[in-house]
2 protein chains.
Amino acid sequence: MSRKEDPLKKYSKFFTEIAMNDECTPVLNTGLRGIDVASSKICDVRGKEGKLIYRGYLIEDLAENATFEEVCFLLLYERLPKKEELADFDASLKQKRHVPENVFAFLKSLPKTMNPMDVIQMAAPMLIQTDENAGSETLEHTLYSAENLIAGLGTIIAAWDRIRSNKTPVMPDNTLGHAANFLYMLTDETPETEVAGFFDAGLVLHAEHSFNASTFTARQVASTKAHIYAAISAAIGSLSGPLHGGANVRVMKMLMEINSEKNIAPYINKTLDSGGLIMGLGHAVYQTDDPRALILAPMCRRMGEIAGDTHWYELSKALEKKAKQAFKKHKNKDIFCNVDFYSASLFYAMGIAMDLFSPIFALSRVSGWCAHVMEEQFAMAAPKPSLYRPGATYVGEYCGPDECRFADIEKR
Amino acid sequence: MSRKEDPLKKYSKFFTEIAMNDECTPVLNTGLRGIDVASSKICDVRGKEGKLIYRGYLIEDLAENATFEEVCFLLLYERLPKKEELADFDASLKQKRHVPENVFAFLKSLPKTMNPMDVIQMAAPMLIQTDENAGSETLEHTLYSAENLIAGLGTIIAAWDRIRSNKTPVMPDNTLGHAANFLYMLTDETPETEVAGFFDAGLVLHAEHSFNASTFTARQVASTKAHIYAAISAAIGSLSGPLHGGANVRVMKMLMEINSEKNIAPYINKTLDSGGLIMGLGHAVYQTDDPRALILAPMCRRMGEIAGDTHWYELSKALEKKAKQAFKKHKNKDIFCNVDFYSASLFYAMGIAMDLFSPIFALSRVSGWCAHVMEEQFAMAAPKPSLYRPGATYVGEYCGPDECRFADIEKR
């Protein structure tokens, strides 16, 4: 049997074994559900009540009243900024939108088919080059680096989208806010105020959500006292996994597959019969409406009107209604939209490429990740820093008292 | 008060608060110590017995009898290779030593002072470019990618060390094994067989150590079904943290500070009096000799002889002896060398730059990381993949029933 065929068979055996072996009391991989690994002052997700709270503030208030920059300040500095503080912070972010020249050269050197999440995982740490105090990991310097990452990531994402389309990157326009400038760098056109406002609200809604997988990755890397660039790059890698990021892309693909209202009922039936999921419905934490979905739905409708195409919004709305009825009828269960359900067609109506949905998630969530990195490194209660190092139950070969005997290669 | 002064004060308040606040039952950040998060068949660390086991085999057997390539096969394919399988695997690794041209261009574009760990975190995922099946995350393809990462990382590290020193990168020599070829690419000289053997054994000794911080990072990223390049890049970021990697660098700096045997006793006394640590002594898991230290010590001595300077070995030996006596006398406690204690002067005697010690750790550990990524993605018992998503206890502002009221910016 050649090596090429061997591993799959080995692993399918492995797969069975690890489930069956009970001599060594294997631990089920429960993914740490329900285990609180830290105290945090950043975000509260109240699933039963459908409340999402950043630093004490309801997401509804923030989405309506605060810009993304203001929310970044809130997450990083633990309170809303005063007017002059926000102006100062805004100026600081604007200055940091400019990324080093070799970032563009790097992006130009990559195959144009490369996944944008891979690209930004590699390129984000390049921003360390503009960090004069790199190596001095004080709180003050880490705040500087956090701003550098928040500001620079947009430039990188927009530049990559243009470079892969054989267009010249657009340099930042510092008369524009964070959201509007990102859309400008993406399209080379100043967005309408209303559109920029929707995008800004989208960034606010995705900025933070407590200990999800990518945030935990960021904290875990930060817990080794690695610098914030290393932690954010790792978090981007975590978000690139289809079990974490990309859900709104799958919503959009589902909407395209359904395409017409007449196909909704058959699609739902087929999906429920096969035990499948309807993308964008249901959430691990919220047991009622995801507050972000309630905010996104009317924005999605209005964005459709602006774009001259409310088809996807209307299809989403009809799907939501029918899916809720079907779940109630067939599963005697209430189901609710999550954040991805309406963000899909919102971003789509803005003309954004679907494979940029996850990078845009990162563009927003980088603010929450940075707050968590700082909390992990500078604000934990433990008397000394304690990196995350869990255990594992060994269930491998010879987990009894004897080890394997090493055999000469000729005798294997 | 300007924003520049504000955050430090805010955070020092925060620091106190999070420790003091008991209304919301804050969770101490214990870093998941003692919590088994998965079953694993890869590695067993038996701290009491001082045994380190890869896939059933004792580290002593592997260090003496197996090459790093053989250990990589063992970790990835769950058993030692037969002769023809090893030849096949070896040929496959050799083919993958060649990295894309734009990797060198990227390295050349970076400031020469950049930390090598930052560089390899960014550059490792660039190897995805040579991965024809990128995007198809099957087990077979992931094994291909694992080989690609194991083989390519050495080329990247060596190229960076040369580029930052204004030297031309040396292309791989496929007549040499993995260890010898790395030293060749680093120095442009074929290493002596004995030296290459010591380096090879060093790679074997560092290849795997169960769920340490970087391995857990790799598994966590992999648990989202992100591809192996994203996971390995994140693990490198985790290893870059001074609480995780870099301990042997600190051993070497300590040896340089002590410098002479006459300074050992004062150094130990000063350190013990101030409650400090003697680098390279003590381990979180081993309660007896770290088996790797026992293997490294004679290699370190012999390497000193080859290099014509046994000073650091002798100083290490004397420090070990006196520190053990001092711990026994003053703390009534046995203390043992860990893997870093002798690897420091071993690598130093080979003429390797100290800031390459952590990258060399990664060069070795990438094999274990890859095995863990595959176990996480293809061999877990859970009926469906379960990404790591722990909880956190919210102890922030207004963790009672009321949220903060959003105030207009003029009124803050």
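Readers should treat all values here as calculations from the given coordinates under stated rules, not as data from a laboratory. Quick caveat: nothing in here was measured; it's all calculated off a predicted structure. Cβ atoms come from the backbone with ideal geometry, glycine included; neighbour counts cover every protein chain shown.
Most exposed first by the Cβ proxy, i.e. fewest other Cβ within 10 Å, how do B:Arg46, B:Arg292 rank? If you can, show how the numbers build up before the last one.
Values: B:Arg46 16, B:Arg292 28.
Fewest-to-most ranking of B:Arg46, B:Arg292: B:Arg46, B:Arg292.
From the label point of A:Met256, set 7 Å along Cα to the beta carbon, how far off in nm is each other copy's matching point, shortest first?
Label point to label point, same position, other copies: 5.6 nm.
Given points 7 Å out from each Cα along the Cα-Cβ axis, report the A:Asn65 to A:Glu314 separation in nanometres with one decimal.
3.7
Of the cross-linked pairs A:Lys324/B:Lys225; A:Lys51/A:Lys321; A:Lys225/B:Lys321; B:Lys41/B:Lys225; B:Lys270/B:Lys322; A:Lys48/A:Lys333, which ones have a Cα-Cα span greater than 24 Å in the structure shown?
A:Lys324/B:Lys225; A:Lys225/B:Lys321
Using the 7 Å Cα-to-Cβ label point, sort the distances from A:Gly47 to its equivalents in the other copies shortest first and give them in nm to one decimal.
Listed shortest first, these distances are 3.2 nm.
If we count every other residue with Cβ under 14 angstrom of A:Glu314's Cβ, Lys/Arg +1 and Asp/Glu -1, where does the sum land?
+2
Percent of alpha carbon pairs in region B:103-153 separated by more than 12 Å?
65
Quick check on region A:248-348: what are the equivalent-ellipsoid semi-axes from the Cα gyration tensor, as sqrt(5λ), descending, whole Å?
Ellipsoid semi-axes (Å, largest first): 21, 16, 11.
Identify, among B:Met303, B:Pro390, B:Phe406, the residue whose Cα sits farthest towards the positive end of the charge dipole of chain B, taking +1 on the Cβ of Lys and Arg and -1 on the Cβ of Asp and Glu, with the dipole about the Cα centre.
B:Phe406
Can you check what the net charge comes to around A:Val204, using other residues whose Cβ is under 14 Å from the Cβ of A:Val204 (Lys, Arg +1; Asp, Glu -1)? Provide the component values of the computation, followed by the final result.
Numbers: positive: A:Arg55, A:Arg292, A:Arg365; negative: A:Glu60, A:Asp61, A:Glu64, A:Glu69, A:Glu70, A:Asp200, A:Glu208.
Every neighbour counted, the sum reads -4.
Between the label point of A:Ser165 and that of the same position in each other copy, find the distances and list them shortest first in nm, with every label point placed 7 Å from Cα along the Cα-to-C-beta direction.
4.6
For every helix of n ≥ 4 consecutive DSSP H residues, a contribution of -39,500 (n - 2.57) applies; sum these over chain B, divide by its total residues, and give [θ] at 222 nm rounded to the nearest 500 deg cm²/dmol.
Rounded to the nearest 500, the figure is -17500 deg cm²/dmol.
Which of A:His283, A:Asn174, B:Ala344 sits farthest toward the positive end of the charge dipole of the protein assembly as shown, with +1 on the Cβ of Lys and Arg and -1 on the Cβ of Asp and Glu?
Of A:His283, A:Asn174, B:Ala344, it is A:His283.
As an exercise, find the ratio Rg/Rh for the protein assembly as shown from alpha-carbon atoms, using the Kirkwood inverse-distance average for Rh.
Taking Rh as the inverse mean 1/r over Cα pairs, Rg/Rh reads 0.97.
For chain B, compute Rh as the Kirkwood radius over C-alpha pairs and then the Stokes-Einstein diffusion coefficient at 20 °C and 1.002 mPa s; write the answer in µm²/s, rounded to an integer.
Rounded, D is 92 µm²/s.
Exposed loop sites here are GluC sites (Glu not before Pro) in DSSP loop states with at most 10 other C-beta atoms within 10 Å. What is the longest stretch of chain A lacking them?
That would be A:190-412.
Compute the semi-axes of the equivalent ellipsoid of region A:27-81, taking the square root of 5 times each eigenvalue of the Cα gyration tensor, and list them largest first in whole Å.
For region A:27-81, the ellipsoid semi-axes come out as 27, 14, 9 Å.
Mind listing P(r) for region B:147-201? All alpha-carbon pairs, 10 Å bins, whole percents.
27, 55, 18
Consider the operator that turns chain B into chain A: which B residue has a Cβ nearest its axis, and what is that gap in Å?
B:Ala234, 2
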